[in-house]
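Shown next, in structure tokens, is the structure this report addresses.
The values are calculated or read from the model by the stated rules, or taken from the named source; none is laboratory data. Worth saying up front: this structure is predicted, and the values here are computed from it rather than measured. Here the Cβ positions follow ideal geometry from the backbone for every residue, glycine too, while neighbour counts run over all protein chains shown. Ligands, DNA and RNA are stripped out before the accessible areas are found, and what is left, the full protein with its side chains, is counted by its heavy atoms. Shrake-Rupley method; radii C 1.70, N 1.55, O 1.52, S 1.80 Å.
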Amino acid sequence: MMLRAALGFFTRLPIGSAPLPPTFRGVAVWLPVVGLIIGALVSLALGLAAQLLPASLCGVIGCLVWVAVTGGLHLDGVADCGDGLIVEAPPARRLEIMKDSRLGTFGGAALFFILALKAAALGALAGTFQADGSGPDAFAPLLLSCCLAGTLARCMVFAAMRVPSARPGGLGEALHEGVTSRHELIALAIGLGICAVNGVRGLYALAIALLAAYLLLSAAKKRLGGVTGDVFGCLVELTECVVLIVCCV
């Protein structure tokens, strides 16, 4: 039931409505599994597209599928963080800017580069898949790379929950309050497990993901006074992007 609720909230998969509990207790723990499912679906779409299309076009299609499966849920956080974290203003004013539904120059640029880098990375992975023969053995690295990005990105959310909330009553605070130490340990085990399956590449991805999370969360704490739902969303997108890039190396 809680997995269904998590998929219903964090994806646009047609699983039917699943009401959320008053907090995210019991739901947030499924975030890494949601990321694993998203990565598997994207890799499948990417592998099918690679049978017919050039790698660069496959990357765009893969990125499109990624956005479609998640409903672009986290992209709003990228845009809002781009507008709010970069501009020079007091923390209260930054929070006002991030709450504004209008898209600014910095937010638009942040969205463009995140999506462009993700599409390029997926295209490179599709190219490797094609070069290796497009068979079942060649599909395994593609599957593992997408699952690694989706899972690690959502494991980083648990690190963000250690940072105080900057806006009382928001999604960031709800996520923070609904998680127990047991949930964190489960997420850690899943994250380390997917890294171990990916071997050395998984360790590099984990190190880069932690660095990206540290830089973003440090900026949020310094410039906003803590995290918000937008910061969580931006963290997911940023981590997915850097992990996919690492998988191309």
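Looking at region 220-241 only, could you name the residues that are at pLDDT below 95 and open to solvent by 20 Å² or more (accessible area, probe 1.4 Å)?
221, 222, 223, 225, 229, 230
For (1) in contact (Cβ under 8 Å) with a residue 24 or more places away in the chain; (2) at positive phi; (3) open to solvent by 30 Å² or more (accessible area, probe 1.4 Å); (4) more than 15 Å from the chain's Cα centre (by Cα), each residue gets a yes or a no:
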| position | (1), (2), (3), (4) |
| --- | --- |
| 4 | no, no, yes, yes |
| 9 | no, no, yes, no |
| 27 | yes, no, no, yes |
| 42 | yes, no, no, no |
| 69 | yes, no, no, no |
| 76 | yes, no, yes, no |
| 87 | no, no, yes, yes |
| 114 | yes, no, no, no |
| 118 | yes, no, no, no |
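Check 142, 188 and return the single one that is open to solvent by 20 Å² or more (accessible area, probe 1.4 Å), in contact (Cβ under 8 Å) with a residue 12 or more places away in the chain, of a type in the set (A, V, I, L, M) and assigned to a helix (DSSP H, G or I).
Only one candidate qualifies: 188.
For residue 103, work out the one condition from (1) farther than 25 Å from residue 7 by Cα; (2) open to solvent by less than 60 Å² (accessible area, probe 1.4 Å); (3) touching a residue at least 24 places away in the same chain (Cβ under 8 Å); (4) not in a helix (DSSP H, G or I) it doesn't fulfil.
(2)
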